[in-house]
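The values are calculated or read from the model by the stated rules, or taken from the named source; none is laboratory data. Everything numeric in this text was worked out from a predicted model, so none of it was measured. Here the Cβ positions follow ideal geometry from the backbone for every residue, glycine too, while neighbour counts run over all protein chains shown. The protein model used for the area step is the full one, side chains on, heavy atoms only, and it has no ligands, DNA or RNA in it. Shrake-Rupley method; radii C 1.70, N 1.55, O 1.52, S 1.80 Å.
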Amino acid sequence: MSVVTSGRYTFPSYNLVFFIFLQLGLHSVEGVWPLPQSITSSPERYPLNPQAFYFTYGSQSAAQEGCSVLDEAFKRYFSLIFPDYSSGYGFLRFSVDKPFTVQVSVGRDDCDSYPDEDSSEQYTLSVSAGQASLKAETVWGALRGLETFSQLVYQEDFGSYYVNKTEIKDFPRFQFRGILLDTSRHYLPVQAILKTLDAMAFSKFNVFHWHIVDDPSFPYQSRTFPDLSAKGAFHPMTHIYTQSDVGRVISFARMRGIRVLPEFDSPGHTQSWGKGQSDLLTPCYSGSSPSGTFGPVNPILPSTYKFMATLFKEVSSVFPDSYIHLGGDEVNFSCWKSNPDVRAFMLKMGFGADFTKLEAYYMENIVNITVALNRTSIVWQDVFDYHERIPKDTVLHIWKGLPASYAAELSAITKAGYRVLLAAPWYINHISYGQDWRNYYTVQPLNFSGTEEQKKLVIGGEVCMWGEYVDATNLTPRLWPRASAAAERLWSDEKQTSDVDKAFPRLQDFRCELLRRGIQAEPLFVGHCKHEYQGV
């Protein structure tokens, strides 16, 4: 007897044996989250004994023992699969002469590289008596398969572990599945970021968008411009990310197949920059005199571009990813308008009184800096809306509007031939009473007017957690499991996951799994978990 793709078993009323099987609590796996593209599961099950459970490399695998990404993953997933093992609880019922082996084979040895925009994450997983076979093109695909296997394992009421006979073929629907954290409005300790990366891996997110600096604070400690954090962070010693901290985050993310995408947003959102870098921001005027306040980055000075070129050269040496996010959103023109030198520059350049042209001039220069560093730029949609001339490989990031307006933006941007990321429906720093995860789950990223070629330009989406009201005290419960709803939308087949009510029990099950793994995921609704969060 088998069930295909649905995450929940359906069974005829006359099948008394199977009914008893369920009634005895011997488990029907609620399913993997996010749902694989194809999963066939059976009630046939196999006991697992941690004393006779092994991860091995297939003989034909391009990666073998010594592959840091997989060696570490084997240790990590052993602890996730058998969380009680250290206590010796419930394991002595099986003899050690019945081993279970998870054999992992990859087609490419990319153990020493970083995941990138072209990394394949597809895998196949076959679970049968005494073994599971996991095959993937890359180590990143193998990581996704290990996560899936870990979710297939369950513990019955007497403490014994089992896995059911299963066949899975899986790959992500979208290549870019991101989470944005804002570390400027509130400083997030490194440990909170690492915990988020762990939870991201459990939901198969693969990009950490680090909105590292903004108006309130500049916590990134630059080697080249140490005054930026010394004068611009909330505190120059305790509320900064040292080069070592940044390296730790990047390394931790790599081990989970997660890219780290830094954002240094300008010309707006830069008040904290001006504290440690004189002449960078535009002096605002009140009438004919400076008011003593400052606006966006000053776009008329050659020194601005020299500074930015040096800063981004450092950033591109610290962050290995091929993408850099340059921001470009919400530029307030009032300060530029008040400044006589800026107005004179506008006339000289033939911009008239159109300050969007001045912003375009600035952003085009900044994008050219990153092009020279062999990096691909991501910019917020404002840059496209202002008709700025940017390279065709630039990625546009949609953050504004309700479905009708972001659908129109998707249509316009892809028609112009640009790749696009959708974030607008997943601003989950906003909270409301009730099950708002359902709204995130029912988003249809490709529901806009355009050709199939246009729809291929939508490379993915992103969950944003802006930090005005978020710090380490509430980051995790506010993110999870609500972000996991978007994770399934970005990974799984849309037709198979269109029913929110069918998704609910699987997401409840997954939320309980997150609790057991130490992730303080908030409840979806009334209910309980077998292993409640212990507050440690």
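So the values come out like this:
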| quantity | calculated |
| --- | --- |
| Beta bridges by DSSP in the chain, antiparallel share as percent, to the nearest 5 | 40 |
| Rel. contact order, % - alpha carbon contacts under 8 angstrom, at least six apart, segment 38-170 | 36 |
| Selection of trypsin sites (Lys or Arg not before Pro), segment 194-232, meeting DSSP coil and at most 13 other Cβ within 10 Å | ARG223 |
| Scattering curve values for segment 38-170, log₁₀ I(q)/I(0), Debye with Cα scatterers, q = 0.17, 0.19, 0.20 Å⁻¹ | -0.88, -1.07, -1.16 |
| Bridge type composition, segment 38-170 - antiparallel percent by DSSP, nearest 5 | 65 |
| Longest segment of the chain lacking chymotrypsin sites (Phe, Trp or Tyr not before Pro) that sit in a DSSP loop with at most 15 other Cβ atoms within 10 Å | 159-432 |
| Cut-off 15 Å between beta-carbons: net charge of the residues surrounding GLY352, Lys and Arg +1, Asp and Glu -1 | +2 |
| Straight-distance crosslink candidates among aspartates and glutamates, where the alpha carbon sits under 13 Å from LYS169 and sequence neighbours closer than 8 are dropped | GLU121, GLU137, ASP493 |
| Value at 222 nm in deg cm²/dmol, rounded to 500, when DSSP H runs of n ≥ 4 in the chain each add -39,500 (n - 2.57) | -10000 deg cm²/dmol |
| Alpha carbon centroid spacing (whole Å) that separates segment 430-477 from segment 194-262 | 22 |
| Neighbourhood net charge (15 Å Cβ-Cβ; Lys/Arg +1, Asp/Glu -1) for SER61 | -3 |
| Label of the coordinate-derived value, Rg and Dmax of the Cα atoms in Å, listed as [x] 25.7, 82; [y] 25.3, 88; [z] 29.1, 108 | [y] |
| Lysine-lysine proximity count for segment 406-536, Cα under 20 Å, sequence distance 8 or more or distinct chains | 4 |
| Accessible area in square angstrom per residue, the chain, 1.4 angstrom probe | 41 |
| Sparsely packed GluC sites (Glu not before Pro) within segment 464-534, loop by DSSP, other Cβ within 10 Å at most 12 | GLU468, GLU532 |
| Mean Cα-pair separation over length for the chain, i.e. relative contact order, pairs under 8 Å, 6 or more apart, % | 13 |
| Relative contact order of segment 159-248, defined on C-alpha pairs under 8 angstrom at six or more residues apart (%) | 25 |
| Heavy-atom accessible surface of segment 38-170: percent carbon and sulfur, 1.4 Å | 48 |
| FRET efficiency, 1/(1 + (r/R0)^6) with R0 60 Å, evaluated for LYS313 and GLN534 via beta carbons | 0.80 |
| Cysteines (scope the chain) whose Cβ has no counterpart Cys Cβ under 4.7 Å | CYS464 |
